[in-house]
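The values are calculated or read from the model by the stated rules, or taken from the named source; none is laboratory data. As the structure is a prediction and not an experimental result, all values here were calculated from the model. As a convention, Cβ positions derive from the backbone with ideal geometry for all residues, glycine included, and neighbour counts pool all protein chains shown. These accessible areas exclude ligands, DNA and RNA; they are computed on the full protein's heavy atoms, side chains included. Shrake-Rupley method; radii C 1.70, N 1.55, O 1.52, S 1.80 Å.
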Number of protein chains: 2
Amino acid sequence: MIRILLADDEHLIRGAMAALLSLEDDLEVVAQAATGAEAIATARVVRPDVAVIDLQMPDLDGVAVAQSLARELPTCSTMIVTSHGRPGHLKRALAAGVRGFLPKTVSSDVLATVVRTVHTGGRYVDPALAAEAISAGDSPLTPREADVLELALEGAPIEEIARRASLSPGTVRNYLSSAVGKTGASNRHEAARFARAKGWI
Amino acid sequence: MIRILLADDEHLIRGAMAALLSLEDDLEVVAQAATGAEAIATARVVRPDVAVIDLQMPDLDGVAVAQSLARELPTCSTMIVTSHGRPGHLKRALAAGVRGFLPKTVSSDVLATVVRTVHTGGRYVDPALAAEAISAGDSPLTPREADVLELALEGAPIEEIARRASLSPGTVRNYLSSAVGKTGASNRHEAARFARAKGWI
DNA sequence: GGCAACTCATGACATCTGTCATGAGGAACT
DNA sequence: AGTTCCTCATGACAGATGTCATGAGTTGCC
């Protein structure tokens, strides 16, 4: 019997996935959590075999949870399910020791199969997401460029970005100009959206 | 027995919700669809009592589906479930004749209850979403301002917005300037994000 | 008919942004 | 020690953008 921890902030989906997994004879959902913090706390107590974590949760993001779990419970395999598969997340997730990475568009059969796969030490990444990640390539942005571009995401004026990054406005413009060049965009807003889509920020 | 059509592009969630609803004695999921078009086509054939539609789907948006269903199958009550509850959608949905509007954070009990409620002619809107919609208020934007602002969402330069809206660049700047003033933003990108958050575009 | 609101446009002006040249300082690698 | 890259900064310039005044044409309402 594989003991599973399920974490997703959407009750409906969490409950539904629990119902699905419980239909399998060899799977058992032993705990559920609605936030990242709750997931970690619960995992410490119930020590599940496999943790199925939603990528986007109100507090901690799924990858952060995976990182904690990998450190605290090495025997627990973590897999992530997500609605919006952005390439950058996959890369971060694998680096955090995640063993499975799936979009929520997969069927329940696949979900159950992957739970078994990661439990026996295997890995599974959704082929479509993997292809996307490969085609997205590595980020050409320097760390600082990425920082600044991220602050530009919400549409703030340069003045504010400079304050929030503790940089001079001129420097901010230089980084943004460089980022715009690297992304092929025609202004920082387009560049920011592009970089976000590629998972670079 | 209430006959239900379920539409959601995420297999996992659709299958899971179907499993949950089927646990109820008086509910029966008679059809499932992964896209808006598919949902409409299927509904024409199976003529369900209640349609449970996801708001965001690859082709048609949930509200558009609801509109078609209301016209073609007046006996079928439509309800919408969604992950990201933006105020504007709720307003549009109610205008389209949707009888139930829920975030996916609700429990399965609530889902089943609401299915029964809309089937008997009642209405149900999640209280939190309703509150949000009220606090968002009515859009102060004129239709054209909203159009132009929407084109500005992706960060395109004015030149391109003008082409896509078939307007002169000067006119586009006027509309955007007006929209920026009304939203209290400091540039069109911030204004666009703000308006989107309020559900105005 | 008169009024108000919306749509579309032009021109002028100030400011904001994007681009480029340039340079100092630090870290990493050979 | 030399090279390369990143970080941070300044100054200058052109072009993009935001703001304002103004006006013509349309529609809907009283």
Q: Bin all alpha-carbon pair distances of chain B at 5 Å intervals from 0 and give each bin's fraction as a whole percent.
A: 1, 8, 15, 17, 16, 12, 10, 9, 7, 4, 1, 0, 0
**Q.** 12 Å Cα-Cα reach of residue A:198 towards aspartates and glutamates, excluding residues that sit fewer than 8 places from it in its own chain
**A.** A:132, A:138
Q) Per the 1.4 Å probe, what fraction of the accessible area of segment B:143-198, in percent, lies on carbon and sulfur atoms? A) 48
Q. Which angle between 0 and 90 degrees, to the nearest 10, do you get for helix A:143-152 versus the longest principal axis of chain A when only C-alpha atoms count?
A. 90
Q.
Treating the point 7 Å from Cα along Cα-beta-carbon as the label, what are the nm separations from residue A:164 to the other copies, to one decimal?
A. 2.3
Q: Any chance you could give the angle, 0 to 90 degrees and rounded to 10, that helix B:36-46 forms with the longest Cα principal axis of chain B?
A: 30
Q) Label residue B:30 and residue B:135 with points 7 Å out from Cα along Cα→Cβ: what is the distance between them in nm? A) 4.1
Q: Please report, in debye to the nearest 20, how large the charge dipole of the protein assembly as shown is about its Cα centre when each Lys and Arg carries +1 at its beta carbon and each Asp and Glu carries -1 there.
A: 1120
(Q) What FRET efficiency comes out for residue A:168 versus residue B:171 if R0 is 41 angstrom and r is the Cβ-Cβ distance? Round to the nearest 0.05. (A) 0.70
Q: Report the residue of chain A with the smallest Cβ-to-axis distance, using the rotation axis that brings A onto B, in whole Å.
A: A:16, 1
**Q.** For A:106-116, mean number of other protein chain Cβ atoms within 10 Å
**A.** 2
Q: Would you kindly calculate the mean projected area, averaged across all directions, of the convex hull enclosing the Cα atoms of the protein assembly as shown, in square nanometres?
A: 21.2
Q) Got a sec? Charge dipole of segment A:2-136, +1 on Cβ for Lys and Arg, -1 for Asp and Glu; which of A:74, A:4, A:27 is way out at the positive end? A) A:74
Q. Which aspartates and glutamates have a Cα less than 15 Å from the Cα of residue A:104, not counting those fewer than 8 places away in the same chain?
A. A:8, A:9, A:10, A:54, A:126, B:8, B:9, B:10, B:54
